[in-house]
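S.K.: Structure in structure tokens, see below.
A short reminder: the numbers here are calculations on the coordinates, not readings from a lab. As the structure is a prediction and not an experimental result, all values here were calculated from the model. Heads up, the Cβs are rebuilt from the backbone with ideal geometry, glycines too, and the neighbour counts pull from every protein chain shown.
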Amino acid sequence: MKIVVSAAGAGSENEVDPRFGRAANFLVFDSARESWTLLENTQAPEAAHGAGIQAAETICRHGAEALITGRVGPKAFAVLSAGGVKVYRGDGRTAKEAVEAFRAGRLAEIKESDPAY
Amino acid sequence: MTRIAVASGKGGTGKTTVAASLAVVLSRRFRVHLLDCDVEAPNAALLLHPRMQQAEPVARPVPVVADPECDRCGRCSDACRFHAIAVTPHRVLVFPELCHGCGGCVRACPSGALRESQRTVGEIAEGWAGPVLLTQGSLNPGETATVHMIRAVRRRETNAEVVVLDAPPGSSCPAVAAMRGADQVVLVAEPTPFGLNDLLLAVETARLAGARIGVVINRDGAGDNRVERYCAEVRLPVIGRIADNRKVAEAYSRGELPGRGVPEFARAIEAIASRLTAEVPA
């Protein structure tokens, strides 16, 4: 299972970036291999509109099943739902802590989007 | 023929009041067509009270996915600069309100799964206010196709002797779309620090349109003289001054053109009209 975390830096010791679409980086944890890889959020942060849509699309196409982040807007949430990606709230922790909490079933699933922002 | 755009960097400077008043004064000597290009808040009709004909819808193309033919290759999404279309492994999502209607996604689709359908984004209404022909565009709330709507309004331009374009405030794409091709741009400014700041932006935008620029100082005497000083410094002609007068605001708030009850306002507009049409054969 692939779990994507929006992160403020490139390593799992970095904090979860509470912004989704304009997050600095996405870190992918592969639970089958217990390994981390970096999925750069290359274009979305510069987009005037639709940053969340593009980031959500990248994550769906990457085959992730779960996303850990802070806030997700309505359009990005629609794309993630269509792609079958479940969203969990994990801001305030490091990426590594967030994944551990997720695996222990301690992260809350976000079932509807935050208001547009 | 001359095409005059009335614009301002700042909202609420009196742009529409000036545009509508100019149209009425000019219609005594010329065939005048006023195009209300402030499609997010068209309000020239509130002052002119035209008899409007049935409004016509304005549509814009947006993509629709025919699912059985789509193999989710993602080329449509890659082609879209506005992220209006997203491809996930099982579904394609279209966000019509982000779509600019360029048709790029349809051209990029190799399987023929995308086609264009028309989405109504607003309407155009037209009518006569005495001798003035008014065309007004109104964009539906929440739509982003402001420029598309302004272009639709401008395509209605007739062969009038004087065309007056009431531009939206600001200095971004909608203001540019309304000013483009104008022979003269009238920038209505308030004599305040805020007014000067926004005038500077509007002057830069109007210069891009390549038109002759004239400044009208509205509510003259209500602030300071920094707009006047700036115009003198950069040799921008001040083609009119409308004195600050509570009666003008009162008439406006009743939906009346101020020139009917405030003679000094009428004289100021007449002076501006003469300067703008000095070279137009009557």
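S.K.: Taking other Cβ within 10 Å of each residue's Cβ, how do B:117, B:8 sort, fewest first?
M.R.: B:117, B:8
S.K.: Please give, to one decimal in nm, the separation of the simple spin-label points placed at residue A:108 and residue A:30, each 7 Å out from Cα toward the Cβ.
M.R.: The two pseudo-label positions are separated by 3.3 nm.
S.K.: Also, quick follow-up: Give the percent of DSSP beta bridges with both residues in the stretch A:2-110 that are antiparallel, rounded to the nearest 5.
M.R.: Roughly 65 percent of the DSSP beta bridges within the stretch A:2-110 come out antiparallel.
S.K.: Continuing with this model, one more query. Taking neighbour Cβ counts within 10 Å as the exposure measure, how do B:149, A:1 sort from fewest upward?
M.R.: Ranked by crowding around the Cβ, least crowded first: A:1, B:149.
S.K.: Looking at B:234, B:133, A:26, which one has the Cα that reaches farthest to the positive end of the dipole of the protein assembly as shown (charges on Cβ: Lys, Arg +1; Asp, Glu -1)?
M.R.: With unit charges placed on the Cβ atoms, the residue in question is B:133.
S.K.: May I pose another question? Measure off 7 Å from each Cα along the Cα-to-Cβ vector at residue B:90 and residue B:51, then give the distance between these two points in nanometres to one decimal.
M.R.: 6.0
S.K.: Evaluate the relative contact order of chain B (contact order divided by residue number), counting alpha-carbon pairs under 8 angstrom at least 6 apart; express in whole percent.
M.R.: 27
S.K.: Kindly put B:47, B:236 in sequence by how many other C-beta atoms sit within 10 Å of each C-beta, fewest to most.
M.R.: Least to most surrounded, the residues fall as B:236, B:47.
S.K.: So what's the convex hull volume per residue for the Cα atoms of the stretch B:67-112, in Å³?
M.R.: Taking the convex hull of the Cα positions in the stretch B:67-112, it is 66 Å³ per residue.
S.K.: May I ask for the percentage of alpha-carbon pairs in the stretch B:40-81 that lie more than 16 Å from each other?
M.R.: That fraction is 65 percent.
S.K.: Then there's this: For residue A:62 and residue B:64, FRET efficiency with R0 = 25 Å and r from the beta-carbon atoms, rounded to 0.05?
M.R.: Calculated value: 0.40.
S.K.: Identify the residues of the stretch B:149-173 with backbone N under 16 Å of a label point that sits 7 angstrom from the Cα of residue B:197 along the Cα-to-Cβ direction, or state none.
M.R.: Only B:170-171 fall inside the zone, counting backbone N under 16 Å.
S.K.: Here's another thing I want to ask about it. Which aspartates and glutamates have a Cα less than 12 Å from the Cα of residue B:10, not counting those fewer than 8 places away in the same chain?
M.R.: Cross-link targets: B:190, B:198.
S.K.: Restricting attention to the stretch B:169-265, which chymotrypsin sites (Phe, Trp or Tyr not before Pro) occupy a DSSP loop and are surrounded by at most 14 other Cβ atoms within 10 Å?
M.R.: none
S.K.: Something else now. Return, ordered by residue number, the residues of the stretch B:61-91 whose backbone nitrogen is under 15 Å from a label point located 7 Å along Cα→Cβ of residue B:140.
M.R.: B:61-63
S.K.: About its Cα centre, how strong a charge dipole does the stretch A:2-110 have in debye, to the nearest 20, once Lys and Arg get +1 and Asp and Glu get -1 at the Cβ?
M.R.: Around 280 debye, computed over the stretch A:2-110.
S.K.: In peptide A:67-75, what is the residue-averaged number of other protein chain Cβ atoms found within 10 Å of each Cβ?
M.R.: 1
S.K.: Now for a separate question. For the stretch A:18-117, which trypsin sites (Lys or Arg not before Pro) pass both filters: DSSP loop (anything but H, G, I, E, B) and at most 12 other C-beta atoms within 10 Å?
M.R.: Loop-located and lightly packed - A:33, A:106, A:111.
S.K.: Add -39500 (n - 2.57) for each DSSP H run of 4 or more in chain A, then divide by its residues: what number comes out at 222 nm, to the nearest 500 deg cm²/dmol?
M.R.: Taken over chain A, the calculation gives -7000 deg cm²/dmol.
S.K.: Given points 7 Å out from each Cα along the Cα-Cβ axis, report the residue B:234 to residue B:252 separation in nanometres with one decimal.
M.R.: Taking the two extended label points, one gets 2.3 nm.
S.K.: Also, quick follow-up: Rounded, prolate or oblate for the stretch B:187-282? Axes are the square roots of the Cα gyration tensor eigenvalues, ordered a ≥ b ≥ c, and the cut-off for rounded is a/c under 1.5.
M.R.: It is oblate, given that a/c is not under 1.5 and a/b is not larger than b/c.
S.K.: Hey, got the average number of other protein chain Cβ atoms within 10 angstrom for residues in B:91-103?
M.R.: Across the residues of B:91-103, the mean count of other-chain Cβ atoms within 10 Å is 2.
S.K.: Would you calculate, for chain B, the mean residue ellipticity at 222 nm contributed by helices, counting each DSSP H stretch of 4 or more residues as -39,500 (n - 2.57) and dividing by all residues, to the nearest 500?
M.R.: It comes out at -9000 deg cm²/dmol, rounded to the nearest 500.
S.K.: Can you pull out the GluC sites (Glu not before Pro) in the stretch A:60-117 that DSSP calls coil and that have at most 15 other Cβ atoms within 10 Å?
M.R.: Those satisfying the criteria are A:65, A:112.
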